[in-house]
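Worksheet for the structure shown next.
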Amino acid sequence: MDKKISKKKWTYKKISYVALSVFFAIFIVYFLVAYQNKSTLKIDPSKVAFSNVEQGDFQEYIVQQGEVVSGRTYFLDAVEGGNITKIFKESGVQIKKGDKIIELENINLRLSVLGQENSLSEQINRIRTTRLELDQNFLANKQQLAQIENQLQILKPQFRRDSILFKKQLISKQAFERTEADYKYNIKRKVFTLKAFESDSVSRVVQIKQLHTSELSMMENLDGVRKILDYLVIRAPIDGQLTSPQLQEGQNINKGERIGQVDITGVYKVRVPIDELYLSKIKQGLRATTEIANTTYELQITYVYPNIKDGRFDVDMQFMKTIPKGITRGQSLRLKIDLGNPSIATLIPVGGFYQSTGGNWIYVAEGTNKAVKRQIRLGRRNVAHYEVIEGLNPGDRVIISSYSTFGDNEELVW
């Protein structure tokens, strides 16, 4: 007898359809609930700052504080030490080249100079005595040659006469031999004396040259020694303004000690300390601007100091066209230094929003009464703008003021 098989009411396919329908219904309900419960904060639009996203030139720059310094400075260092006996010029006055500034006294230096002068004078005198002896010896040799030549002028004709007379037996052999011996002796004497004179003359020329060179050197040394005492009077090397510390008569100044400087008036540059983070971006030729008495002046970096101290390095900047009237050494200037050429970029103004978002998101206005959170990515920045890499387009309207009172709300309404 066959068994009747009952048909199943819940098939796998039917169960799947039901489960899918239930899941879809739950998802719809969740979405509606989530949408209705989306975090929203009502704000007063008059208390926040809005700005439009724009496309324009992005100029990377930094703002630094610089100090006006003299364009040309000559430092005053004490070549020799001593005690101040007289002060001729005070700090801050205008001086002319050669003006006396201070006078020093150094007894030990004066004694040392006196000793050196005596020693050099003695050496110069010895050189002159040696040269005089050489000249006297030269004259003596010439005189001796002249005497020998004179003897030969007498003996030569006498020898000829005696030779003739001796052949005719008119004089004795003894008399002839005496005349012959004297004549031949003086001939040999002339030869030897002439050779010695020629040798001495060559040696004398060399010696005279060496003595002359030594004498000139000694004279220069003597002049240099005498000028040492001139260093006890410190004079202005150029025309300009004197700057020096407080000096007093009787004060001891060490050798090599810096006692002040002379600045050429009317020639100025600006020295600017910059954070070492910008060292790779700062180079000669970069330009900057500063405002003095409502007038903008252009400057250019002329020198970058390689030394870093306390995390900063210095640069010197020169005014490009005109030097502002009335500026003084030590005056502070606020400078905007351009770090290269401008480039086209999408820009938003710098604002307080960055402290809360880190530049990762921003509230973007939608319509007329709300703003929603949007993810963004920022790039470079300067004092006025951020460069937008992605997430915003020109024309978007964003909130750039502080988000400190907005919490984590996804949407702002007003």
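Lys269 falls short on exactly one of the conditions (1) part of a helix (DSSP H, G or I); (2) crowded, with 17+ Cβ neighbours inside 10 Å; (3) of a type in the set (D, E, K, R), and that condition is (1). Look at (1) of a type in the set (A, V, I, L, M); (2) surrounded by 13 or more Cβ atoms within 10 Å (Cβ to Cβ); (3) out of contact with any Lys or Arg (no Cβ under 6 Å at 6 or more places or on another chain) and you find that Leu277 fails only one, number (2). Looking at Leu111, Leu132 in this structure, which one is more than 30 Å from Gln207 (Cα to Cα), of a type outside the set (S, T, N, Q), part of a helix (DSSP H, G or I) and out of contact with any Leu (no Cβ under 8 Å at 6 or more places or on another chain)? Exactly one of Leu111, Leu132 is more than 30 Å from Gln207 (Cα to Cα), of a type outside the set (S, T, N, Q), part of a helix (DSSP H, G or I) and out of contact with any Leu (no Cβ under 8 Å at 6 or more places or on another chain), namely Leu111. Considering only residues in segment 376-402 that are over 19 Å from Ala365 (Cβ atoms) and in a loop (DSSP other than H, G, I, E, B), the one that is farthest from the chain's Cα centre (by Cα) turns out to be Ala384. In segment 363-382, the condition of being of a type in the set (S, T, N, Q), in the same structural domain as Gly407 (by TED's automatic domain parsing) and within 23 Å of Ile62 (Cα to Cα) is met by at least one residue. Is there any pair with a first residue in segment 199-216 that is closer than 12 Å to Asp135 by Cβ and a second that is of a type in the set (Ser, Thr, Tyr) whose Cβ atoms are under 8 Å apart and which are 6 or more apart or on different chains, and what are they? The qualifying pairs are Gln207/Thr130; Leu211/Thr130.
Within segment 355-402, can you find the residues that are among the β-branched types (Val, Ile, Thr), within 23 Å of Asp44 (Cα to Cα), touching a Phe, Trp or Tyr at 6+ places or on another chain (Cβ under 8 Å) and surrounded by fewer than 13 Cβ atoms within 10 Å (Cβ to Cβ)? Hits for segment 355-402: nothing passes. Meeting the requirement of 2 or more residues that are within 19 Å of Pro245 (Cα to Cα) and either more than 29 Å from the chain's Cα centre (by Cα) or aromatic (Phe, Trp, Tyr) (or both), the strands (runs of 3 or more DSSP E) wholly within segment 50-101 are 73-77, 82-87.
Considering only residues of segment 281-297 that are assigned to a strand (DSSP E or B) and in contact with a strand residue (DSSP E or B) (Cβ under 6 Å, 6 or more places away or on another chain), which is farthest from Arg312 (Cα to Cα)? Applying the filter and picking the extreme gives Thr296. Annotation note: Cβ proximity below 7 Å between a residue of segment 114-132 that is over 16 Å from Glu220 (Cβ atoms) and a residue that is in a helix (DSSP H, G or I) and not acidic (Asp, Glu) (sequence gap 6+ or interchain) occurs for Thr130/Leu211; Arg131/Ile208; Arg131/Leu211.
In the set Ile327, Ile337, only one residue is part of a strand (DSSP E or B), modelled with pLDDT under 95 and surrounded by 15 or more Cβ atoms within 10 Å (Cβ to Cβ); that residue is Ile337.
The values are calculated or read from the model by the stated rules, or taken from the named source; none is laboratory data. Not measured: the values here are computed from a predicted model. Every residue, glycine among them, receives a Cβ derived from its backbone with ideal geometry; neighbour counts consider all protein chains shown.
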